[in-house]
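Just so it is clear, none of the values below were taken in a lab; they were calculated from the coordinates. Note that the coordinates shown come from a computational prediction; the quantities given were computed from them, not determined experimentally. Backbone-built Cβ (ideal geometry, glycine too); neighbour counts: all protein chains shown.
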Amino acid sequence: MNDMKYSLIKNAFGLLALISFPMLFTGCEQDAKFKTYVYPTAEISEMYPTLGYAAEKVTFVGTNFGDRKEALKVAFGGVAVSNILSCNNNCVVVEVPEGAVAGDVTLQTWNNEPVTVGTFKVYPTPIIEEIFSHNAEYGSNMAVEGDLVTIKGANFGTDKTLVEVKFNGTVAPIESLVDEQIVVKTPAYTSGLVTVTIRPEANANSMTLTGTGLMDPQATGDVTSIFLQNSVAPFSPSGAVGTWAIATGWHTTGGFVGATTIQFTEENPDGLFVLECWGSNKKENAKIYQVTTLPKGDYVFELDFVQIQKEAGRFGVHFVIAEGDGTIPDLVANGDQLTGENIDKVITSYGITGTMDPHTKEIAVHLDETKQLTMGFVTQLNNKGTVKLSAIKINREKAIDNQD
């Protein structure tokens, strides 16, 4: 009797399971129906400008752009944009990519088909390669009012009305212009950097290029920008920019080749010039320097040290000013003195061989004639040590006519 009762109960549960399973399956099947969301296609009412150089900022106005940069693709002549500056539902701003060519501009949102917005005319980017004065008395980096100055480069164009040259903010009249060379007449100016502002067409945005500086022979004071590149904060980096970057404008040897020597921090957002070894990045007889030509005169070189710390291993950092090109001598192994074949080229030097407080070091140099100089650092750093500077400056104390 009990066996029969158990069998009836078992069969009843089995029947209930058979009846319930299709219902359960049907319920799951209904709940599993997903909707595919279709994002609206962007509608563009305006794009501006429609011509310019690489790195030009181009604005798109319209609707349905969304606000997520990762869902947006823009291309100029088939070359994808890598820098989307801003994005909201009604406005997008991008930077024309390097290598862009004239052609259609397309914009795509999400998985929609790309929309052809219009065309963009890309002009070759102008560059400055060299600036020199034709002043025979004082040299190529000095100019007096009326001197001719040549600016060599590329993609300047040939229309004088689209080009403007300034000497430290003062307009210099253009004497002649071809695509790779500008000749100007020196205005009444104060020493400083030369800039060239160019438009590819009359209705286009301009690009301003900054070249090297020119000095009035009578000038005194800070002449750093005329003779050195990237030696004073704010520093200019190259390569991947993050906390650390490579300093532009400096020649390097040994452990400084490809090394990051600019550091950006919250305390120093404009950067610090850093010579250090921390672990495996040894700087044994490594050099980092610049070559320039200084006219005769009295100068004071100013080194602004922010941190000098020796923890372990070899530690020697010497700032050297030497005659000639690439003529900084070597350091002995312990880093306390200079050695080698270029020792006779040294005009002056300043050595650091241990921890020191932050300070400013001034180094006086007298030149009785115009000379090509190498100035920079040679180091022996192979374990833990750092030297950080905020500036390497050149000040001119006397004008030429005041020299004995």
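Among V183, G271, P173, whose Cα sits farthest toward the positive end of the charge dipole of the chain (+1 at Cβ of Lys/Arg, -1 at Cβ of Asp/Glu, about the Cα centre)?
G271
Each residue of segment 191-207 in order: what ³J(HN,Hα) in whole Hz does its phi give by Karplus 6.51 cos²θ - 1.76 cosθ + 1.60, θ = phi - 60°, with x for Gly and Pro?
3, x, 7, 9, 10, 10, 10, 10, 10, x, 9, 4, 9, 9, 5, 9, 10
Roughly what % antiparallel, to the nearest 5, for the DSSP beta bridges in the chain? Could the numbers behind the result be given before it?
Numbers: 123 of 127 bridges.
Percentage antiparallel, nearest 5: 95.
Under a crude label model (7 Å from the Cα following the beta-carbon direction), how far is E201 from V300 in nanometres?
5.4
What percentage of all Cα-Cα pairs in segment 271-316 are separated by more than 16 Å?
Cα-Cα pairs in segment 271-316 separated by more than 16 Å: 59 percent.
What's the angle, to the nearest 10 degrees (0 to 90), between helix 2-31's Cα axis and the longest principal axis of the chain?
That works out to roughly 50 degrees.
Given contacts defined as C-alpha pairs under 8 Å and at least six residues apart, what's the relative contact order of the chain, whole-number percent?
This gives 12 percent for the chain.
Local charge sum around D304 (other residues, Cβ-Cβ under 9 Å, Lys/Arg +1, Asp/Glu -1)?
+1
What's the extension gain from K69 to A333 if we count 0.36 nm per residue and subtract their Cα-Cα distance? All intermediate terms of the calculation are to be shown ahead of the outcome.
Details: separation 264, 0.36 × 264 = 95.04 nm, distance 5.30 nm.
Difference between extended and current length: 89.7 nm.
With a sphere of radius 13 Å drawn around the Cβ of E201, what net charge do the other residues whose Cβ falls strictly inside it have (Lys, Arg +1; Asp, Glu -1)? Walk me through the numbers before you get to the answer.
On the way: positive: K121, R199; negative: E56, D159.
Neighbourhood net charge equals 0.
State whether segment 43-123 is rounded, prolate or oblate according to the following rule on the C-alpha gyration tensor (a ≥ b ≥ c being the square roots of its eigenvalues): a/c under 1.5 gives rounded; otherwise a/b larger than b/c gives prolate, and the remaining case gives oblate.
prolate
What does the charge add up to near K282, with Lys and Arg as +1, Asp and Glu as -1, over the other residues with Cβ less than 14 Å from its Cβ? Numbers along the way, then the final one.
Working: positive: K283, K287, R314, K384; negative: E276, E284.
So the environment of K282 carries a net charge of +2.
Rounded if a/c is under 1.5, else prolate if a/b is larger than b/c, else oblate: which is segment 197-350, with a ≥ b ≥ c the root eigenvalues of its Cα gyration tensor?
On the way: a/c = 2.13, a/b = 1.34, b/c = 1.60.
It comes out oblate by the Cα gyration axes.
Can you list the HN-Hα couplings for segment 288-294, worked out from phi with the Karplus curve (6.51, -1.76, 1.60; θ = phi - 60°), rounded to whole Hz and with x for Gly and Pro?
Once rounded to whole Hz, the list reads 9, 7, 10, 10, 8, 10, 9.
If I stretch the segment between E323 and N111 completely, what's the gain in nm (0.36 nm per residue apart, minus their alpha carbon distance), one decimal?
Fully extending the segment from E323 to N111 adds 70.0 nm.
Cα extents of segment 293-404 along the three principal axes, largest first, in whole Å?
50, 31, 17
Could you list the GluC sites (Glu not before Pro) in segment 201-287 that lie in coil according to DSSP, counting only those with at most 14 other Cβ atoms within 10 Å of their Cβ? Don't skip to the answer; put the middle values down first.
Details: sites: E201, E266, E267, E276, E284; in loops: E201, E266, E267.
Qualifying residues, ordered by number: E201, E266, E267.
Return the Cα extents of the chain along principal axes one, two and three, sorted largest first, each rounded to a whole Å.
Principal axes ranked by extent give 131, 61, 31 Å for the Cα atoms.
What size of dipole, in debye to the nearest 20, comes out for the chain about its Cα centre when the only charges are +1 on Lys and Arg C-beta atoms and -1 on Asp and Glu C-beta atoms?
1680
If each residue of separation counts as 0.36 nm, what is the full-extension length gain between N281 and V101 once their alpha-carbon separation is subtracted?
Residue separation times 0.36 nm, minus the Cα-Cα distance, leaves 60.7 nm.
In nm, to one decimal, how far is the modelled label at E129 from the one at S238, with both set 7 Å along Cα→Cβ?
1.6
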